[in-house]
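Reviewing the structure listed below.
Bear in mind these aren't lab numbers, they're just calculated from the coordinates by the rules spelled out. None of the values given here were measured: they were computed from a predicted structure. Cβ: placed from backbone, ideal geometry, glycine included. Neighbour counts: every protein chain shown.
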């Protein structure tokens with residue numbers, strides 16, 4: 001139930017402009033990232049949305065995926081994932097765990113270690129591209145808060 005409420009709330013969030021798009025205020029100072037601040041930087045809610053054609057031709061269907069990751073300051077992780085064909089009820093999952101982050105191999109990168117409550121462990125690389133944009137294992141995420 002909490003996953004459904006979270007995903008419904010996330011669907012109502014406004015879209016965020018990507019870096020380099022027209023309308024970006026030139027007076028805003030350039031973003032500079034210090035990878036020593038990875039845990040503080042990642043704390044918050046991050047969203048990813050994607051879609052792809054799953055049945056080309058007359059049976060065309062779009063597969064939508066919405067992912068939300070909440071990195072809490074106390075090291076607790078909440079991960080919500082919903083996917084399904086447009087127009088149908090999505091399948092939803094929500095898992096919890098713990099997370100830790102540290103500086104990565106380059107100035108724009110963080111290491112991310114996640115342990116889900118079921119025991120699964122995941123080591124990821126986070127590439128920071130802007131104050132509100134990251135890529136986690138190649139998937140783009142936008143900061144919601």
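Kindly state, to the nearest 0.05, the FRET efficiency for residue 143 paired with residue 61, given R0 = 30 Å and r defined as their beta-carbon distance.
Numbers: r = 30 Å, r/R0 = 1.01.
FRET efficiency, residue 143 to residue 61: 0.50.
Centroid-to-centroid, using Cα positions, segment 113-139 and segment 58-88 are 15 Å apart.
Multiply the residue gap between residue 31 and residue 127 by 0.36 nm, knock off their C-alpha separation, and tell me the result in nm, one decimal place. Full-extension gain reported as 33.2 nm. For the peptides 125-135, 80-90, residues were scored by their other Cβ atoms within 10 Å and the scores averaged per peptide; the highest-first order is 125-135, 80-90. Report note on the peptides 100-108, 40-48: ranked by the mean count of other C-beta atoms within 10 Å, highest first, their order is 40-48, 100-108.
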